[in-house]
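So the structure is just underneath, and the comments pick up after that.
We did not get these values from a lab; they are worked out from the coordinates using the rules stated. If you're wondering where the values come from, they're calculated on a predicted model, not measured in any experiment. All Cβ positions, even for glycine, are placed from backbone atoms using ideal geometry, and neighbour counts span all protein chains on display.
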Amino acid sequence: MNQHSLPTTFTQRGTADQWRQRVGALCVGNSRLAFAVACAFAGPLLRVAGVESGGFHLRGGSSTGKTTALKVAASVNGGANYLQRWRTTDNALEAIAAQHCDALLVLDELAQVDPKTAGECAYMLANEQGKARATRNGAPRPRLSWRLLFLSAGELGLSNHIAEVQRLARTVQEVRVADIPADAGAGMGMLQNLHGIEGGGAAFSRQIVAAAGQCYGAPGRDWLQWLTANADTIRADVIQRMHDIEDDILDFWSPNAVKHVGQRFALVGAAGEMATAAGLTGWPVGESKRAAQACFNAWRDV
């Protein structure tokens, strides 16, 4: 199986303006939602910024709205089939990862995967290449490779889920996968701002998920076009924005592992700010930076 045999998940419905008005604007004031969306804009900037593959994992109870964040993030690049599952074979996940190279891979349903498989998959995704395999005659097959961000969710932290059988869990969690508490501390699960929608967090989640199911894919395409049109300046832009965020969240005494993870948070914050400057998010200046800082602090304080 290879990436060319997979149906494309990069689909489009509606316009970027519709997505911005109906989906993006509702992320303002909601740090977990804004951060998840900014992850989608960060994927194509990994190589430009020189940042290695890695992931973020939203951890919390079933009522916190984790899957809502995943669906909203997925809508930047595609529809319902953009949301992938942890429960799959190694071969299939390699092909899926290669298909999402330079993009965001969104993974749900961690609880359905046994800890050993979850650990192997997380390490493989962060290691940027598939397993070495041979053909029937013993010749080595070319390995699939990629560079991507992945975003997942579960009731348990990813490192906790795999720690029972994987001593590697500590290294993977500290360097390549950051567990972020999904609860934002406002008494509404991951939500902090309902934007006047009546019916509480559940009604808000239903509305934004429905909108994401009707308008999707266009922001990701417009983002690639904007990056292409500004190819001469994007590297300097993203590096400067990342440095500004790193200066705010890190200090000289931060351990190297924290600095490494902080760089990935900074990339996400910077990407969201650049997408805002491109007119794609519907957010005020500084929204993505604030979301990245809030999520980094939540990760660090666990």
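See the values below:
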{"item": "Unit charges at the beta carbon, dipole of the chain: most positive-side option, ILE249, ALA298, LEU149", "result": "LEU149"}
{"item": "Candidates THR88, THR228, THR117: whichever shows maximal mean-square fluctuation once the chain is modelled as a Gaussian network with Cα springs under 10 Å", "result": "THR228"}
{"item": "Relative intensity, log₁₀ I(q)/I(0), of region 14-139 from a Debye sum that treats every alpha carbon as a point, q = 0.11, 0.12 Å⁻¹", "result": "-0.43, -0.51"}
{"item": "4 °C / 1.567 mPa s Stokes-Einstein diffusion coefficient of the chain, Kirkwood radius on C-alpha pairs, µm²/s", "result": "68 µm²/s"}
{"item": "GNM flexibility winner over the chain from ASN30, ASN230, ASN193 (Cα, springs under 10 Å)", "result": "ASN230"}
{"item": "Farthest positive-ward along region 22-93 dipole, Cα basis, beta-carbon charges - from ALA49, THR64, ALA34", "result": "THR64"}
{"item": "For the chain, size of Cβ-based charge dipole, Lys and Arg +1, Asp and Glu -1, in debye", "result": "800 debye"}
{"item": "Region 199-288: GluC sites (Glu not before Pro) in DSSP loop, at most 14 other beta carbons within 10 Å", "result": "none"}
{"item": "Cα-based shape type of region 245-302, given that a ≥ b ≥ c are square roots of the gyration tensor eigenvalues and the cut on a/c is 1.5", "result": "prolate"}
{"item": "Residue order, fewest to most surrounding Cβ atoms within 10 angstrom, among CYS121, CYS27, CYS101", "result": "CYS101, CYS121, CYS27"}
{"item": "Residue order, fewest to most surrounding Cβ atoms within 10 angstrom, among SER152, SER288, SER63", "result": "SER63, SER152, SER288"}
{"item": "Non-local Lys pairs in the chain, i.e. 8 or more apart or on different chains, that have alpha carbons under 27 Å apart", "result": "7"}
{"item": "Sorted by Cβ density within 10 Å, fewest first, the residues MET188, MET274", "result": "MET188, MET274"}
{"item": "Exposed-loop-free span, longest in the chain, where chymotrypsin sites (Phe, Trp or Tyr not before Pro) count as exposed if DSSP calls them loop and at most 12 other C-beta atoms lie within 10 Å", "result": "1-251"}
